[in-house]
2 protein chains.
Amino acid sequence: MVSKVLVTGGAGYIGSHAVVELLANGYECVVVDNLSNSSYESLARVQVLAKKYVPFYKVDLIDLEALTKVFEEHSDIESVIHFAGLKAVGESSQIPLQYYQNNVSGTLVLLQLMQKYRVKEFVFSSSATVYGDYTRYPGIIQVPETCPLQPTNPYGHTKFTIENILRDVSASGGWKFAILRYFNPIGAHPSGLIGEDPLGIPNNLLPYMAQVAVGRREKLSVFGNDYDTRDGTPIRDYIHVVDLAKGHVAALKYLQDQENDICEEWNLGSGKGSSVLEMYDAFTRSCGIKISKEIVGRRNGDVPLLVAKPTKAELELNWKTELGVKESCEDLWRWVTKNPFGYSQHGVIGTTVHKGDYDNRLVTLGHGSRFQLIISNRGASIIDLLVDGQSIVLGPGDPGDYSGATIGRYANRIVGGKYDLDGKVHQLTTNDNGNTNHSSVGCYSEKHFLGPLVKTPSKGVFIAEYVLLDEQPRDFQSDLQVSVIYTLDVQAKALDIQYQAVLTKGESTPINLTNHTYFNLNKVNADTVQGTEIRLATNKAVGLDGTLHQVDVSTFNDKEEEVTILDSVEPRIDHCFVVAESTSLDSTKGKLRPVLRASHPESHISLEVLTTEPSFQLYTGDGLTGFTPRSGFAVEPARYVNAINDERWKKTVTLSQGDAYRSRIVYRFT
Amino acid sequence: MVSKVLVTGGAGYIGSHAVVELLANGYECVVVDNLSNSSYESLARVQVLAKKYVPFYKVDLIDLEALTKVFEEHSDIESVIHFAGLKAVGESSQIPLQYYQNNVSGTLVLLQLMQKYRVKEFVFSSSATVYGDYTRYPGIIQVPETCPLQPTNPYGHTKFTIENILRDVSASGGWKFAILRYFNPIGAHPSGLIGEDPLGIPNNLLPYMAQVAVGRREKLSVFGNDYDTRDGTPIRDYIHVVDLAKGHVAALKYLQDQENDICEEWNLGSGKGSSVLEMYDAFTRSCGIKISKEIVGRRNGDVPLLVAKPTKAELELNWKTELGVKESCEDLWRWVTKNPFGYSQHGVIGTTVHKGDYDNRLVTLGHGSRFQLIISNRGASIIDLLVDGQSIVLGPGDPGDYSGATIGRYANRIVGGKYDLDGKVHQLTTNDNGNTNHSSVGCYSEKHFLGPLVKTPSKGVFIAEYVLLDEQPRDFQSDLQVSVIYTLDVQAKALDIQYQAVLTKGESTPINLTNHTYFNLNKVNADTVQGTEIRLATNKAVGLDGTLHQVDVSTFNDKEEEVTILDSVEPRIDHCFVVAESTSLDSTKGKLRPVLRASHPESHISLEVLTTEPSFQLYTGDGLTGFTPRSGFAVEPARYVNAINDERWKKTVTLSQGDAYRSRIVYRFT
């Protein structure tokens, strides 16, 4: 039985790490976040990292109507982990009203809807701040949950108020509440993919030091070294965010194991205290960079000592920290060096076409440059490709045109829609002509891909990875996991697409992947490809019957004046041209070959298509329905047409357990 | 300079009393209330009592949009007194979430809008409940404001939370906050018009005893007599609600006198404690009724002692209680005996035609009986009159038809629109025919009347009093205060209308008041008055030139067969019939005479119109525009037409300082 958890603030620092741990523990997550201090990018990455879909709603908790929609659309939510909230101590003194509204009123709306939809389990992000300065009780080094609460700032008051609300609401019956009092979360996911991305000037020590280390800030200010502590700087209980995230899973499991109502508080801390100067030393050791620091005056609201007595969580939740300050600093440093500007990457922007529709989010790579790619989760599609500001692809059209999309599980035709594998005959849905084309139903072009995980490994190079969970398909058997990796090189004006697929469940399956972009190199001037000059690596094509025939089209070897010019009606091409022997399931082991060159004299834009694939379908778009016919031509490198039904090539399109299907296509512009 | 105060919860027990005191102190009030535990009736009464208009909005504070509208429409709001909130201690433990949402989230929305609209002054209704059981500090009899807070129930927590919010928000700058910690408000306004009207079973001692005294409850339960107090029952600091209301005015004035930001707490209490049994004795003495009581177990959350140290308010706000327990009990008893079911009166209902339009509220008198009157604030109009369930009046129509409305300041024609008074000639706006009719502009038919104040002095008798502040009129000079009192006697099927007007400011002014209802005794069967049989007290009419002439219409003295029958076109009557000498400004000192009898053979309904007025205009509705011509006839008892321009009658229509204009009309049905 899968249990669905609503995670509020799930795009934030702690929330995103908790989502990773929840998914790893078999929970389904629905995330709401107003993104006021977080980025959807974190969740795009989490989904690729975890290979799990996480529905996302950009919702402010105070918006009853929008939040109601979430509960309506996910009537199977069983529990809520509530991270959402403003959290900067200093800011809370400047704009206390916003803190109360966001944190307190927001929580009340959430509880109201939980009551309405009969969701009982609630894990709440409280804070050690609720204790205030517990050195008012002499002799306490590790603060226990039973310590009277006396927060010293509006942020702490909001947490304290919500705790009180939970205790009062719990007393009215019908609830299971876990109140988790965090100490100081630091570090990042060891993958380096998610971490803390503070907006503006960081409020906390570690993110601040990290920004100094990468050169974003000048020096660290140490707020006071005259506290009554071992080195005069305040002592805190630092806890690795992954440990903290695991604490939430432990608390949720604990609640789910309880038969009766419950409302309990647990410290989530290590029990060990580190001073500011000790953390400074630890972090500089991890990053190997000398960080300038300056001792300045005390900061309002800071207390000298805040270390957890962690035994209650250890005994009851069976949870304790496993990672130390050293691992935290190393993971933080990995995150920071890989993501010096957090989730922001120069030249990368994400937008939603329809407000809030994060399932069809557009991501632009190379934004603002001379070579830009816009891609979408639906079909991991190429929505636009801009060469020197000129759009040269058709963009989204009718579903039957497959424009820009990834094609799978089996691109191109299967004769009769029939194949046999491992001695079994399989029948797919067929088109009017009796064959299956581009899988006919359940084509990848209509599927939601997870991600993308975007990286910028070097200046002007952008990598975006989409993942598809091709599970329980309508026609084919077996489950696949498919990656589509776009690499945009602005300098080289090259777009590289790499496909990989592995079988995750079931028997061997046919596979053949490609991209179905329609190019119109003169799109700014004309509605059709008229005037486009093309040459192919070959004029030999393989037919549905497996025999080769020659097509009247010019090749790289022909004289320059023999170039094939596409006019408004002729030539009509829809053939699978053969450029190499089809031998391997992983074509990327072979050579990357140019297979088609196209240019247009009016726009002066030239395209070279290269691939590791043994053949490519060239289609002059004569049957387009979402666009004017012949408004673009498609070049679809892939395996031989109908290879699944030809014993010579069958193994190149048959994916079995332990194998990996791979292919590569490159579009290069001049 | 008039200062405008937004009063949230201003229709409630304490709120309505505060509105009275604010108005008495020259403040303007705007009231918002969700009416969840109060009645608009209280404000209808307050307006008649105070003779001041109070705009009302049925708004829940949590509804940002609706509350924004209030601030937009009253951009001159300078301060807020915030009474709105749920307040039952016991209930708060059952539905804590609603308590937090209503009280805390509601306050946050209010503060948000105050910030947006730059309203700084805020007086908050806190509660002595925030102290909790202060006997935990030995030796404190009167609790000072400095006592640490430790409320013991969710209701107290909501007040405590809001206090914390105010202190945090205040620290961010730009606010003036007065936190008033009430002790136990009791009593009612000495007028007996407003008081506490608890929904359901009263939570508090005095309202409960009162309901036992009037027979609505069986007996009083005394919750515990084993407390460590002088007689074993809990001791409270009871404070007369009028004193409490005055404390709010004092606090508001204090805030307004401050130049700087402020956030202070004040106890509002007497400093004197009374036990439950002492209050029982005091109340039974006041009402003279023996009240059954029973000692039962302690109630959850009750503390033994809650008495204010009142000196801070005395010193700083210059406020202290002036009324004692005796006055409180007497005033409570007056309220309860006059209003045994609070604001609910059997046979009386109020409705708004357009949602939230309390300025045009409809009140039905005799609801559910054989004789029902529906009246409206606009023009203090008769909207409907139902005889044995049959509507026999036209109801609202075009403004020019004056249907059902009160007519003033000067009903009927003034020749040339001109008059002279005290040696000065005045020119009014005239109609196309060169005369002024029904004041031509600014007629009372279009004016908003305050109230009504509805009373049910005996079974089947309903009195509704409207008040008009006829100030700064467009055509006339001088300010008037006008009362229109409808008395409906269901048994007698008689509707009595009494008019009174006094001059409140300025020189003498013409006056002539009447009601302009169109009757159609056969309305259920026919669109016109066709077939209505009428007889008048006289057939002599006075013309615009002051001379008498005879009209061809049957009189009471004629033989029965000589009755005048109104047909679809004839007779066309629009004359001022004279039934008595016109001698007095106050016609009610004279005789009430029958002046017209009408009946319809099909509906069998008969109407007799009686009046103390010397004449009446009879109009067969031939010029109706909002209805079919002749769909109703109007009988308008008043002074002689154009009397203001005839020295013989001028004094009967001239209102001077110290005089009172009075008149009376009765419609009687059989």
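Dividing the summed helix terms, -39500 (n - 2.57) for each DSSP H run of n ≥ 4, by the number of residues in the protein assembly as shown produces a 222 nm estimate of -5500 deg cm²/dmol to the nearest 500. Remark on the range A:142-191: accessible area falls by at least 50 square angstrom from chain-alone to full-complex state for A:ASP168, probe 1.4 angstrom.
For the range B:199-209, 3J(HN,Hα) computed residue by residue from phi via the Karplus equation (6.51, -1.76, 1.60; θ = phi - 60°) reads 7, x, 6, x, 8, 9, 4, 5, x, 5, 4 Hz, glycine and proline entered as x.
Across the range A:1-117, Cα-Cα distances exceeding 25 Å account for 20% of all pairs. Here the Kirkwood formula, the inverse mean of 1/r across different C-alpha pairs, assigns the range B:4-338 a hydrodynamic radius of 20.1 Å. The fraction of accessible area contributed by carbon and sulfur in the range B:486-581 is 43 percent, rounded to a whole number (1.4 Å probe; ligands and nucleic acids excluded).
I need to check one value: relative contact order of the range A:348-669, counting alpha carbon pairs closer than 8 Å and at least 6 residues apart, in percent. RCO, the range A:348-669: 18 percent. Straightening the chain between B:ASP622 and B:TYR53 buys 201.1 nm, computed as 0.36 nm per residue apart minus the Cα-Cα spacing.
Taking the charge dipole of the protein assembly as shown about its Cα centre, with +1 at Lys and Arg Cβ atoms and -1 at Asp and Glu Cβ atoms, the residue from A:TYR53, A:VAL551, A:VAL635 reaching farthest to the positive side is A:TYR53. In the context of the full set of protein chains, residues of chain A present 39 Å² of accessible surface per residue (probe radius 1.4 Å, heavy atoms only). Applying 1/(1 + (r/R0)^6) with R0 = 22 Å to the Cβ-Cβ distance of B:LYS418 and B:THR547 gives a FRET efficiency near 0.70. Remark on A:ILE239: its backbone amide H falls under 5 Å from those of A:ASN184, A:ILE186, a criterion applied only to residues 5 or more positions apart or on other chains, H modelled at 1.01 Å from N. Tilt of helix B:13-24 relative to the longest C-alpha principal axis of chain B, in degrees (0 to 90, nearest 10)? Approximately 60 degrees, to the nearest ten. For chain B, the longest piece that avoids every one of the chymotrypsin sites (Phe, Trp or Tyr not before Pro) found in DSSP loops with at most 13 other C-beta atoms within 10 Å covers B:1-340. Peptide A:108-121 is shielded by partner chain Cβ atoms: per residue, an average of 2 of them sit within 10 Å of its Cβ. Residues B:LEU469, A:LEU110 ordered from highest to lowest accessible area at a 1.4 Å probe: B:LEU469, A:LEU110. Summing Lys and Arg as +1 and Asp and Glu as -1 over all other residues whose Cβ lies under 9 Å from the Cβ of B:TYR155 gives a net charge of +1.
Given a Förster distance of 56 angstrom, what is the FRET efficiency for A:ARG136 paired with B:ASP76, based on the Cβ-Cβ distance and rounded to 0.05? The value I calculate is 0.75.
All distinct Cα pairs of chain A go into the 1/r average, and the inverse of that average, the Kirkwood radius, is 27.5 Å. Extent along the principal axes, Cα only, for the range A:348-669: 54, 48, 36 Å, with the longest axis given first. Helix B:241-257 versus the longest principal axis of chain B: what angle, 0 to 90°, nearest 10, using Cα atoms? It works out to around 80 degrees. Label zone of A:ASN431 (point 7 Å out along Cα→Cβ, amide N under 17 Å): in the range A:641-665 this covers A:641-644. Relative to the longest principal axis of the Cα atoms of chain B, helix B:64-73 runs at roughly 60 degrees.
Relative to a virtual label point 7 Å from the Cα of B:GLU471 in the Cα→beta-carbon direction, which members of the range B:11-39 show backbone nitrogen distances below 17 Å? Taking a point 7 Å out along Cα→Cβ of B:GLU471, the residues of the range B:11-39 whose backbone N falls under 17 Å are B:20-31. Near B:GLY195, once Lys and Arg are set to +1 and Asp and Glu to -1 for all other residues with Cβ below 15 Å from its Cβ, the sum equals -3. In whole angstrom, how far apart do the alpha carbon centroids of the range A:71-111 and the range B:129-156 sit? The range A:71-111 and the range B:129-156 have Cα centres separated by 30 Å. Within 12 Å, Cβ to Cβ, of B:ILE511, how many net charges do the neighbouring residues add up to if Lys/Arg are +1 and Asp/Glu are -1? Computed value for this residue: +2. About the centre of its Cα atoms, the range B:78-227 shows a dipole size close to 240 debye [charges on the beta carbon of Lys, Arg (+1) and Asp, Glu (-1) only; nearest 20 debye]. Residues whose amide H comes within less than 5 Å of that of B:VAL123, counting only those at least five positions distant or on another chain, are B:VAL80, B:ILE81, B:HIS82, B:ALA178 (H built at 1.01 Å from N in the peptide plane). Taking label positions 7 Å along the Cα-Cβ direction at both A:SER391 and A:THR337, the computed distance is 4.2 nm, reported to one decimal.
Look at the alpha carbon pairs under 8 Å that are at least 6 residues apart: their mean separation over the length of the range A:12-90 gives a relative contact order of 29 percent.
Please compute how much accessible surface disappears when B pairs with A, both sides summed, using a 1.4 Å probe, and round it to the nearest 100 Å². When B and A are taken together, about 1900 Å² of accessible area is lost.
Dividing the mean sequence gap of close Cα pairs (under 8 Å, 6+ apart) by how many residues chain A holds gives a relative contact order of 10 percent.
Heavy-atom surface analysis with a 1.4 Å probe gives the range B:4-338 a carbon and sulfur content of 47 percent of its accessible area. Less than 5 angstrom separates the built amide H of B:ILE407 from those of B:THR514, B:ASN515, B:HIS516, all sequence-distant by 5 or more or on a different chain. Rounded to whole numbers, the Karplus 3J(HN,Hα) couplings from phi for the range A:177-193 are 10, 10, 9, 9, 9, 6, 8, 9, x, 9, x, 7, 5, x, 5, x, 8 Hz, using 6.51 cos²θ - 1.76 cosθ + 1.60 with θ = phi - 60°, and x at Gly and Pro.
For the range B:656-670, backbone phi angles converted through the Karplus equation (6.51, -1.76, 1.60; θ = phi - 60°) give residue-by-residue couplings of 10, 3, x, 8, 9, 8, 9, 7, 8, 10, 10, 10, 10, 10, 9 Hz, Gly and Pro being listed as x. Between B:GLN256 and A:LEU199, the modelled labels are 4.0 nm apart [label points 7 Å from Cα along Cα→Cβ]. Distance check, please: which entries in A:LYS52/A:LYS418; A:LYS493/A:LYS591; A:LYS320/A:LYS455; A:LYS493/A:LYS523; B:LYS69/B:LYS355; A:LYS246/A:LYS293 exceed 22 angstrom between their Cα atoms? With Cα atoms farther than 22 Å apart: A:LYS52/A:LYS418; A:LYS320/A:LYS455; A:LYS246/A:LYS293. Between the range B:619-670 and the range A:247-297, the C-alpha centres lie 85 angstrom from each other.
Note on B:ASN300/B:GLU65: beta-carbon distance plugged into 1/(1 + (r/R0)^6) with R0 of 45 Å gives a FRET efficiency of 0.75.
The values are calculated or read from the model by the stated rules, or taken from the named source; none is laboratory data. As the structure is a prediction and not an experimental result, all values here were calculated from the model. No Cβ is skipped: glycine too gets one built from the backbone with ideal geometry, and neighbour counts run over all protein chains shown. We work out accessible area using only protein heavy atoms, side chains counted, and drop any ligands, DNA or RNA first. Shrake-Rupley method; radii C 1.70, N 1.55, O 1.52, S 1.80 Å.
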